[in-house]
Each structure stands twice: as structure tokens, then as C-alpha cells.
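Notes to accompany the following structure.
Derivation of every value follows stated rules applied to the coordinates shown; laboratory data play no part. In this text, all values refer to a predicted model and were calculated from it rather than measured experimentally.
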Amino acid sequence: MPAELSDDEIKEFHAVAERAAAKVSRDPEVIGEAADFAVAELASRLDNVSPETPERRGWVAVVARNHALRLGQKLHRELAMGRAGSLPPPMSDEQEAERVEFLIVEMRSGGGQSLGSFVADKIDFENAWALISEQDRLLLDLKYAEGLSSKEIADKLGKKHGTIDNQLTAAKKAAVLLFADLLGDFDQPG
């Protein structure tokens, strides 16, 4: 039976998320929605987040902050100037997963950035990386840093191939939430 958050934990994590979102937004609706989103994501991804309370607080704070930033950007975005004023289609999960893969490879291998920006990004990366569960960090390292296929990971860990695929998908989704701010640093050619 999967673990669940108690009512007291939900209240505690919601308060942490609200404080984090309030650091980037003054809009009470954005703060509330970001806090709700972060707690809901934590509840749905308990197996992908470190089980220690301080790490979970950090995870919720990062997700709430990132979500508040995204909400604020959407609210204050000017109308697109494209064909018929349409906005570009949102990025698919597959594109987000590719961006996370690129970030993990860059951070774990040393990347091609200048030393100053690399060190700053590396610190941010390591702080967010520590919030991911140990099992998910292992899977992401084996897949992206070591370049193993899902089948090779399954063989190495003594698990079924399909299980590893499902766990990798969940781990990537957790990483996308935590690395949202960092991903923007890697969008522009450097």
C-alpha cells in the first residue's frame, strides 16, 4: 500500500509551499494555486521524493516557487504576435523529458559552459538533485549519465524491463518539476 500524507503533513507542506510561492508572487491566487499544485504533486509522487521531512519541505518549496513563476508569466504575458495572434503550442512531455535528459548529462559530465555559470548552475542542480529520491537518482544516473538502456538497467538491478520504464518515466516527471528554472539556462546556445 503506497504511503499517504497525513492531514497535519498536508497543512505543514501547504504552509511551506505558500511561503515559497509568496517569495516570487504577490498575487494571492497565484500563491494559493502554486501551493495547492505543489502539495498535490508531492502526494502523487511520494515514492519519487526523498522520504525525509526536510527534503520533502525543500521539494515542495521548489515546486511551488517554479509553479508560481510559471503562473505569473502566463498571467502577465503579452499577446503573441504570430499568425492570427495565436500562441505556440505548449511543449509536450516528451520535449520536457528530453530537456531534463540534456540537463542531467550536462551537469553530470561537466558541460561546455563557462566555469562561472557552470558552477552556479551545478550548485542549483545539486540542491534540486538531492530532493529526488535515492532510487530515482540512481535510475536517472544509470540512464543518462552512464548511458545504459532500460533493459541494461533492469538486468543490472534485477528488475523487469517494463518496471524500469515506468519508474524512469515517473523519475523524469519529478525531475521536470524540480529543474524547471534550470532548464531555461540551457535553452539559449551558449
With x for Gly and Pro, the residue-by-residue ³J(HN,Hα) of the range 166-179, computed from phi through the Karplus equation 6.51 cos²θ - 1.76 cosθ + 1.60 at θ = phi - 60° and given in whole Hz, is 5, 5, 5, 4, 5, 5, 5, 5, 5, 5, 4, 4, 7, 9
HN-Hα couplings for the range 130-135 via Karplus (6.51, -1.76, 1.60; θ = phi - 60°), in whole Hz with x for Gly/Pro, come out as 5, 7, 7, 4, 4, 4
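Over the range 1-80, calculate the relative contact order: mean separation of alpha carbon pairs under 8 Å at least 6 apart, over the residue count, as a percent.
About 39 percent, as a whole number.
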Beyond 28 Å (Cα-Cα) in this structure, taken from Lys122/Lys173; Lys122/Lys172; Lys11/Lys159; Lys11/Lys122, we find Lys11/Lys159; Lys11/Lys122
Counting only residues 5 or more apart in sequence or on a different chain, those whose built amide H sits under 5 Å from that of Leu131 are none
The ³J(HN,Hα) series, computed from each phi in the range 44-50 with the Karplus coefficients 6.51, -1.76 and 1.60 at θ = phi - 60°, rounded to the nearest Hz and given as x for glycine or proline, is 7, 10, 3, 6, 9, 10, 3
The extension gain from Glu52 to Glu134, computed as 0.36 nm times the residue separation minus the Cα-Cα distance, is 28.4 nm
